[in-house]
Amino acid sequence: MAVTCNTLLEQKFFKSIKLMAGASGLNRVISWPYVGQTASVADWVHGGELLFITGVVHETTMLPNLLEECISKKLAGLVVLTGNEYIKEIPENILQRAEEANFPVFSMPWHLKLIDVTRCIIDVIMEERQHSKNITSFLNYLLFANEESEAILINRASMNGVNLPKHNFITLIACDDKEHKLYLEENLCQEVKNYCKLQKIPCFTTLYGNVLILLTGAPTARRARKVMDSLEKFGSYFKEVVQENVFIAFGSICLELKSLCISYQEAKYTLDIVQHLPGKNCMHYDNLGIYSLLALINDDSKLEYYYRSKLEPLLDEEQTGADDELLYTLKSFLLAQNKVVNASKRMSIHRNTVLYRMNKIQQLLEVDLSNANTCLELLMAILIKEFLDHKQKYN
C-alpha cells in the first residue's frame, strides 16, 4: 500500500498527533514530509507533500492563504504545531474550509520533536517504496520473462513478499482522460488499493506504460469470480471519487502462476477491444464474442470494405440527411429477432413507424430479411461499423 495520512494514523509515533478536519481526504498519498519555512509554499512543493508548520513563520492570520495553497497544489495534508506562543490552536474557519475541501489538517503538540516525526515518516515511505519495487520486480518477471518453472515463480513470489491464493487472474485498468494522464494514474493506483482493501481483496499492482496491472485472486474459482464481480464495480467507485471514467479488462482465472502471463495477454487484448466499443467500460476475455474476431484483423480497410458492401445504400441515405435513423432501426429490428412489436418497444416508437422504415430498408438494400444468413451478415456489418467509428473517435 502507498503511504497515506490513514497509514500514518496507524503508526505509533503518530498517536499524539490529532486529526482536526478533512477525514474524507485521509487516503491522499504522501510523497514526502516538508517543513514550511517561508510565508508561501507554492513554489517549493510538487504536490503530495505532508506540510508541517511551526508558527514561527506562519502567523494565525496567514493560515487561510496557506491552506488555499495546500489545496490548490494538491498536498497530502497540513500539520500545525500548536500549544505554543505562536499558534495556540487552529482557528475554526481553517477547520471549516479544510472540511469543505476534504483536506486533512492535523494538530501536533509543540513538545514533540519535529525531526523525530519527519524521520519516522520518511522511514515508512522508504519501506513502502521498497515493497512496491519488490512487487513490480516480481510482476515483471511473472508476466514478461516466460518462466516455465512453477517452483521458481513460487520461490520468487515468496522472496518478494507476495503471498498469492490458489486461483489468480490479471486485471488491466486504464484511464479514459488523456489530458490529466499522470495525475489520474497516481490516483488510479491508490484508489484501486483503497477499493481492494475495502472489499478485502488481495491486491498486487504495478503501472506498465499508462495501464495499471492488478494481480489478485481467491482460494477457489468460485470466489475468484466473485472477486471479478467486485472489481467490475470499481469503475463506478472511481467515477464517484475522482470524477473520471476507467476501462477495465479481465484475463482468465489460472491455477498455476506460469499461466498468468497468458491471463495478462488476454486482458491486454480485451482492453484494446473495450476501449474501442461504444458504451462499454468493462469486459471479460471470455465474453468478447464476435469482437475477438474483429481484433484479429489488423487491416481496418478490410473491415470497412465489408460493412460498406453490405450497408452502402443506408450509408448514402445518412450522408445526404435523407434519413439518419435507418441503421438504428435495422439494428434494433435484428436484435429484436425480426419482431416488429419488440423493435418498436425497444426504440419507443409506434410499430407502424418501424414497418415503414423496414420496408424502406429492404427496398434500399434489396435483401430478404427472412433469410437468417442475410440477417447475420447485416448485424455483423453494423457492429463492425460501430467498432471502427468508435475506434477512430477514441484514437
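Read the figures in this text as sums done on the coordinates, not as results from a lab. Keep in mind that this is a model prediction, so the values were computed, not measured. In this analysis, Cβ positions are derived from the backbone assuming ideal geometry, glycine residues included, and neighbour counts consider all displayed protein chains.
Based only on other Cβ atoms within 10 Å, what is the fewest-to-most ordering of HIS284, HIS111? Kindly include the intermediate steps, with their values, before the conclusion.
Values: HIS284 20, HIS111 9.
Lowest count first: HIS111, HIS284.
Round to the nearest 0.05 the FRET efficiency obtained for ILE152 and ASP116 when R0 = 45 Å and r is the Cβ-Cβ distance.
The formula returns an efficiency of 0.55 here.
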Practice item. Describe numerically, in nm with one decimal, the distance between label points set 7 Å from Cα along Cα→Cβ at GLU127 and at LYS226. Key: 3.2 nm
Review point. Between ASN359 and TYR306, what length comes free when the chain is fully extended (0.36 nm per residue of separation minus the Cα-Cα distance, one decimal in nm)?
Key: 16.8 nm
Check your understanding: Quick one: length gained pulling ASP272 to LEU369 fully straight, 0.36 nm per residue minus the C-alpha distance?
Key -> 31.6 nm
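Order the peptides 209-222, 248-261 from the highest to the lowest mean number of other Cβ atoms within 10 Å of their residues. Don't skip to the answer; put the middle values down first.
On the way: 209-222: 17.6, 248-261: 19.9.
In descending order of packing, they fall as 248-261, 209-222.
Which value in Å does the Kirkwood hydrodynamic radius of the range 349-388 take, with 1/r averaged over all unlike C-alpha pairs and then inverted? Please report the intermediate quantities before stating the final value.
Values: mean 1/r = 0.0890 Å⁻¹.
Here the Kirkwood hydrodynamic radius works out to 11.2 Å.
Provide the packing ranking of 60-73, 18-31, i.e. peptides ordered by the mean count of other C-beta atoms within 10 Å per residue, highest first.
Packing proxy ranking, top to bottom: 18-31, 60-73.
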Review point. In whole Å, what are the Cα extents of the range 130-286 along the three principal axes, biggest one first?
Key: 42, 34, 28
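Can you sort SER236, SER309 from fewest to most other Cβ atoms within 10 Å of each residue's own Cβ?
On the way: SER236 13, SER309 10.
Ascending number of Cβ neighbours within 10 Å: SER309, SER236.
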Point to revise | Measure of compaction for the chain (Cα Rg per 2.2 N^0.38 Å) | key: 1.30
Revision key, fill the gap. Amide H proximity to PHE204 below 5 Å, modelled H, separation 5+ or other chain, gives LEU215
**Study point:** Isolated Cys residues of the chain, judged by Cβ distance under 4.7 Å to other cysteines
**Key:** CYS5, CYS70, CYS120, CYS175, CYS189, CYS254, CYS261, CYS282, CYS375
